[in-house]
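**Student:** Here's a structure for you.
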């Protein structure tokens, strides 16, 4: 298995950065090239599965949209369920909801995340997965959804952490990132 420093370097080599996307002042980190390398994707999943193999993980939550890519793979490797955290209005039935403002969002029009009220049961232990943490708002919103479900967040996970934005400081749960920029 690849070591953490080697995995971090491999991720960094695959990233593409786009200045002023989706709006001026944002340096967008595009993870798409990572998925062109199936061996690297396999290494990511193997590394994370090994990290959490000694924990009882009942579910892996993947945040819309880019968290949807690796979270189901990790859930499969851990033999746990995958829970999609969707934007408002995308799920049928009753949902738990929470609102937040993204790094490049409009504070007057916050985004809303939701999960089905049937997705988690009280006491379940979950991992939250997203591709990148900037300000920490989306991960904190996902933590709130876990709390509303009376489940427990074991850890929030990201491929990339933008250290200067200090997003991990907003989180209540432990946090792990593979690459810090």
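**Student:** Hey, any hits in the range 11-34 for a residue that's part of a loop (DSSP other than H, G, I, E, B) and touching a helix residue (DSSP H, G or I) at 6+ places or on another chain (Cβ under 6 Å)?
**Tutor:** Checked against the condition, which is being part of a loop (DSSP other than H, G, I, E, B) and touching a helix residue (DSSP H, G or I) at 6+ places or on another chain (Cβ under 6 Å), the range 11-34 yields no hits at all.
**Student:** What residue, among those in the range 13-24 that are surrounded by fewer than 13 Cβ atoms within 10 Å (Cβ to Cβ) and touching a residue at least 12 places away in the same chain (Cβ under 8 Å), is farthest from the chain's Cα centre (by Cα)?
**Tutor:** Once the filter is applied, the top-ranked residue is 23.
**Student:** Go through the range 136-181 and report how many residues are in contact (Cβ under 8 Å) with a residue 24 or more places away in the chain, part of a helix (DSSP H, G or I) and farther than 23 Å from residue 9 by Cβ.
**Tutor:** Of the residues in that region, 13 qualify.
**Student:** Sticking with this one: Out of everything in the range 38-71 that is more than 26 Å from residue 165 (Cβ to Cβ) and free of Cβ contacts under 8 Å to residues at least 24 places away in the same chain, what residue ends up being nearest to the chain's Cα centre (by Cα)?
**Tutor:** My answer is 42.
**Student:** Looking at 135, 165, which is the one that is surrounded by fewer than 20 Cβ atoms within 10 Å (Cβ to Cβ), at pLDDT below 95, at negative phi and in contact with a helix residue (DSSP H, G or I) (Cβ under 6 Å, 6 or more places away or on another chain)?
**Tutor:** Exactly one of 135, 165 is surrounded by fewer than 20 Cβ atoms within 10 Å (Cβ to Cβ), at pLDDT below 95, at negative phi and in contact with a helix residue (DSSP H, G or I) (Cβ under 6 Å, 6 or more places away or on another chain), namely 135.
**Student:** Still on this structure, I have one more. One residue is enough: does the range 149-159 have a residue meeting the conditions crowded, with 21+ Cβ neighbours inside 10 Å and out of contact with any strand residue (DSSP E or B) (no Cβ under 8 Å at 6 or more places or on another chain)?
**Tutor:** no
**Student:** Would you check which residues across the range 1-10 are closer than 16 Å to residue 161 by Cα and touching a helix residue (DSSP H, G or I) at 6+ places or on another chain (Cβ under 8 Å) and list them?
**Tutor:** 4, 7, 10
**Student:** Something else: Filter the range 58-71 for residues that are within 27 Å of residue 32 (Cα to Cα) and part of a loop (DSSP other than H, G, I, E, B) and give the result.
**Tutor:** Correct list: 64, 65, 66.
**Student:** Considering only the range 116-130, state which residues are surrounded by fewer than 23 Cβ atoms within 10 Å (Cβ to Cβ) and either modelled with pLDDT under 95 or in a strand (DSSP E or B) (or both).
**Tutor:** Within the range 116-130, 116, 125 meet the criteria.
**Student:** Are any of the residues in the range 110-129 under 26 Å from residue 16 (Cβ atoms) and out of contact with any strand residue (DSSP E or B) (no Cβ under 7 Å at 6 or more places or on another chain)?
**Tutor:** no
**Student:** Okay, moving on. When only residues in the range 72-84 that are assigned to a helix (DSSP H, G or I) and out of contact with any strand residue (DSSP E or B) (no Cβ under 6 Å at 6 or more places or on another chain) count, which is surrounded by the fewest Cβ atoms within 10 Å (Cβ to Cβ)?
**Tutor:** Applying the filter and picking the extreme gives 76.
**Student:** Working carefully through the options 152, 121, find the one that is farther than 18 Å from residue 67 by Cβ and touching a helix residue (DSSP H, G or I) at 6+ places or on another chain (Cβ under 9 Å).
**Tutor:** After ruling out the rest, the residue left standing is 152.
The values are calculated or read from the model by the stated rules, or taken from the named source; none is laboratory data. What you are looking at is a predicted structure, and each value in this text was computed from that prediction instead of being measured. Glycine gets a Cβ as well: all are built from the backbone with ideal geometry, and neighbour counts include every protein chain shown.
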